[in-house]
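Novice: Right, I'll just put the structure down here and ask away after.
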Amino acid sequence: MLSLNVPNTVTELCRVVTPNFQERLQDDFQDQAERRQRMYQNHKLGLNDVVVLENGVTIELSNIMVIERAICTLKNFKVNLEMFNISLEAYMKQLSIEAEYKQSCLNTLVPMSRSGQISFDLEDITIDGNIGIYNVEDSFVAKNYDINMKLGRVHTKITCKDESDAGYFESIDTDIDKTLLKYISGQLLNLFLIEDIIFYQLSAPIVEVSASELLNDEPAEVISLSSERISKANEKLDSLLNLVNQALVASNHIVLETPALPVCLNKGNKKIICNTGIGRLENLSFSRVGDISFYENQNIQYIYGYIRLVDFRFKYPSFTINESGNSGCVEVGAFRNKMSIRLSVRKENDAFKIEVDKVQAIKILDVDFKTNNLDTIGSCFEQLEEFVLGTIHGTVFPLLEQMLQKELTYAIANN
């Protein structure tokens, strides 16, 4: 689908200049890793709270912190200038995640009923994938990231006060990591490994490269070829998203509903028990964010990049305070949001077969949180905001991913 007749001059030029370009980026990437380790030893990054419903139990994790214990070391690094793509394999020896959970949220998974701390020590983390590079004026930038993560050994520890408050209960290496770590893994990959580490170690080295110098003062032909492929990829994804948007409107599926959850808010020594009611992510419509990247592997072409909800608006229209029976609305708007997507294209007989390989919601930014008719919440407003945002990251995002994957697959099959 993205195949073009590549002039021999372009192929030869890329063949000649790529080795030095690749070696320079690879060395600078590793230098940045060592510099980062010297400057930010045991660097910490906070992740978003998550609230999920697992087997009928509400699980709430807050104050989630990733602690960098070792540098990100390259195992393999390859630049493809014809595709304007970097493929890499990297390795981290160790990192840690620490978080707090609220009272009773784990009591059916481990034998405890108090609030406490949970920690994950992760060892032998492998990272591999692709990064799209673009020409901006006379330089390059890395924009799209299609990265995978695989964890090696995982050690868990959960600590809380015992029922008498006299000592601590400790549970080590239970199966709880299988239940809880999966809800953090998306943020661990996108916000920590990609945006905080790989972007840091690659963005400065690549922007310092002059396109005209690299391409022997004749960059136009190479850049034109890349732009033509990008344009084709953009058009294909735009077409599919338009079909999805039309199908959602036609089937009246522009609202995604999420399950009701119990909420416990602390107001001094008093607990306020609430119920969210059914949640609604409304006005579902998707659009592309920036240009799309691509690469080819074993005669399969991969298209990857970012999309967004045109208008991110989530609400609980019937949020209820149990004791008073007072009911009102909780609403979250986000002026910016981001999802990653990857499609694969292969030729079968005389037709192209497209599959949806990945859809992942990443984050919402510039959030506007408000309540209506819930004045009795008072000083618990901030707690409620944290809970609802945690619900978006832990419950709404996975449902949104499933829905979009299904709708894209349907659009492809009927295109």
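The values are calculated or read from the model by the stated rules, or taken from the named source; none is laboratory data. For clarity, every value in this text was computed on a predicted model and none was experimentally measured. Note: ideal-geometry Cβ built from the backbone for every residue, glycine included; neighbour counts use all protein chains shown. Keep in mind that these areas ignore ligands, DNA and RNA; they rest on the heavy atoms of the full protein, side chains included. Shrake-Rupley method; radii C 1.70, N 1.55, O 1.52, S 1.80 Å.
Novice: Answer yes or no as to whether ILE223 is touching a helix residue (DSSP H, G or I) at 6+ places or on another chain (Cβ under 8 Å) and either of a type in the set (Gly, Ala, Ser) or in a loop (DSSP other than H, G, I, E, B) (or both). Write out each step before concluding.
Specialist: Numbers: touching a helix residue (DSSP H, G or I) at 6+ places or on another chain (Cβ under 8 Å): yes; either of a type in the set (Gly, Ala, Ser) or in a loop (DSSP other than H, G, I, E, B) (or both): no.
Considered against the rule, which asks whether it is touching a helix residue (DSSP H, G or I) at 6+ places or on another chain (Cβ under 8 Å) and either of a type in the set (Gly, Ala, Ser) or in a loop (DSSP other than H, G, I, E, B) (or both), ILE223 comes out as no.
Novice: Related question: For the list (1) open to solvent by less than 10 Å² (accessible area, probe 1.4 Å); (2) of a type in the set (Phe, Trp, Tyr); (3) without any contact (Cβ under 8 Å) to a residue 40 or more places away in the chain, I need the number of the one condition that PHE314 fails.
Specialist: In the conditions (1) open to solvent by less than 10 Å² (accessible area, probe 1.4 Å); (2) of a type in the set (Phe, Trp, Tyr); (3) without any contact (Cβ under 8 Å) to a residue 40 or more places away in the chain, PHE314 misses (3) alone.
Novice: Ok, one more. Looking at LEU241, LEU225, which one is closer than 30 Å to ASN80 by Cα, touching a Lys or Arg at 6+ places or on another chain (Cβ under 8 Å) and surrounded by 20 or more Cβ atoms within 10 Å (Cβ to Cβ)?
Specialist: Residue meeting the stated conditions: LEU241.
Novice: Are any of the residues in segment 399-407 assigned to a strand (DSSP E or B), open to solvent by 30 Å² or more (accessible area, probe 1.4 Å) and among the basic types (Lys, Arg)?
Specialist: Checked segment 399-407: no residue is assigned to a strand (DSSP E or B), open to solvent by 30 Å² or more (accessible area, probe 1.4 Å) and among the basic types (Lys, Arg).
Novice: Moving on to the next point. Among LEU256, LEU309, which is the only one that is of a type in the set (A, V, I, L, M), modelled with pLDDT of 90 or more, out of contact with any Lys or Arg (no Cβ under 9 Å at 6 or more places or on another chain) and open to solvent by less than 70 Å² (accessible area, probe 1.4 Å)? Break it down stepwise before answering.
Specialist: On the way: LEU256 fails: out of contact with any Lys or Arg (no Cβ under 9 Å at 6 or more places or on another chain).
After applying the criteria, what remains is LEU309.
Novice: List pairs: first residue in segment 177-206 and within 14 Å of PRO398 (Cβ to Cβ) and open to solvent by 30 Å² or more (accessible area, probe 1.4 Å), second residue in a helix (DSSP H, G or I) and of a type in the set (Gly, Ala, Ser) anywhere in the structure, Cβ distance under 9 angstrom, at least six positions apart or on different chains.
Specialist: As it stands, the answer is TYR183/GLY394, since those pairs meet every condition given.
Novice: Is segment 56-79 home to any residue that is in contact with a Cys (Cβ under 8 Å, 6 or more places away or on another chain), surrounded by 12 or more Cβ atoms within 10 Å (Cβ to Cβ) and of a type in the set (Gly, Ala, Ser)?
Specialist: Looking for residues that are in contact with a Cys (Cβ under 8 Å, 6 or more places away or on another chain), surrounded by 12 or more Cβ atoms within 10 Å (Cβ to Cβ) and of a type in the set (Gly, Ala, Ser), one finds none in segment 56-79, hence no.
Novice: Is it the case that segment 329-339 has a residue that's open to solvent by less than 40 Å² (accessible area, probe 1.4 Å) and in contact with a His (Cβ under 9 Å, 6 or more places away or on another chain)?
Specialist: Residues of segment 329-339 that are open to solvent by less than 40 Å² (accessible area, probe 1.4 Å), as a first pass: 329-334, 337, 339.
Then keep just the ones that are in contact with a His (Cβ under 9 Å, 6 or more places away or on another chain); that gives none.
Scanning segment 329-339, I find no residue that is open to solvent by less than 40 Å² (accessible area, probe 1.4 Å) and in contact with a His (Cβ under 9 Å, 6 or more places away or on another chain), so the answer is no.
Novice: A further question follows. When the residues of segment 21-53 are filtered to those that are surrounded by fewer than 16 Cβ atoms within 10 Å (Cβ to Cβ) and under 26 Å from ILE392 (Cβ atoms), which remaining residue is nearest to the chain's Cα centre (by Cα)?
Specialist: Of everything passing the filter in segment 21-53, GLY46 is nearest to the chain's Cα centre (by Cα).
Novice: Condition check: assigned to a strand (DSSP E or B), of a type in the set (A, V, I, L, M, F, W, C), within 24 Å of ILE307 (Cα to Cα) and modelled with pLDDT of 85 or more. Does LEU88 satisfy that?
Specialist: Yes; evaluated as a whole, the condition is true for this residue.
Novice: Within the set of pairs 6 or more residues apart or between chains, which connect a residue that is closer than 30 Å to ASN148 by Cα and touching a residue at least 60 places away in the same chain (Cβ under 8 Å) inside segment 324-347 to a residue that is of a type in the set (Ser, Thr, Tyr) and part of a strand (DSSP E or B) with Cβ atoms less than 7 Å apart?
Specialist: MET339/TYR306; SER340/TYR306; ILE341/TYR304; ARG342/TYR302; ARG342/TYR304
Novice: Please determine whether any residue of segment 298-306 is closer than 20 Å to PRO398 by Cβ, without any contact (Cβ under 8 Å) to a residue 40 or more places away in the chain, under 27 Å from the mean Cα position of the chain (by Cα) and open to solvent by less than 40 Å² (accessible area, probe 1.4 Å).
Specialist: No; the residues of segment 298-306 include none that is closer than 20 Å to PRO398 by Cβ, without any contact (Cβ under 8 Å) to a residue 40 or more places away in the chain, under 27 Å from the mean Cα position of the chain (by Cα) and open to solvent by less than 40 Å² (accessible area, probe 1.4 Å).
Novice: Also, I was wondering about something else. Would you please list the contacts, defined by Cβ atoms under 6 Å and residues six or more apart or on different chains, that run from a residue in segment 248-260 that is in a loop (DSSP other than H, G, I, E, B) to a residue that is at pLDDT 85 or above and open to solvent by less than 50 Å² (accessible area, probe 1.4 Å)?
Specialist: ILE254/LEU248; ILE254/LEU284; VAL255/GLU282; ALA260/THR276; ALA260/GLY277
Novice: Go through segment 261-297 and give me each residue that's over 24 Å from the mean Cα position of the chain (by Cα), among the β-branched types (Val, Ile, Thr) and in a strand (DSSP E or B).
Specialist: Matches in segment 261-297: VAL263, ILE272, ILE273.
Novice: Does at least one position in segment 8-31 carry a residue that is in contact with a helix residue (DSSP H, G or I) (Cβ under 7 Å, 6 or more places away or on another chain), within 22 Å of PHE192 (Cβ to Cβ), among the hydrophobic types (A, V, I, L, M, F, W, C) and part of a helix (DSSP H, G or I)?
Specialist: Yes - at least one qualifying residue is present in segment 8-31.
Novice: Going through segment 212-222 one residue at a time, which ones are of a type in the set (A, V, I, L, M), over 20 Å from SER87 (Cβ atoms) and open to solvent by less than 40 Å² (accessible area, probe 1.4 Å)?
Specialist: LEU215
Novice: In this structure, is GLN103 farther than 30 Å from GLU208 by Cα, at pLDDT below 60 and open to solvent by 40 Å² or more (accessible area, probe 1.4 Å)?
Specialist: Values: farther than 30 Å from GLU208 by Cα: yes; at pLDDT below 60: yes; open to solvent by 40 Å² or more (accessible area, probe 1.4 Å): yes.
Yes.
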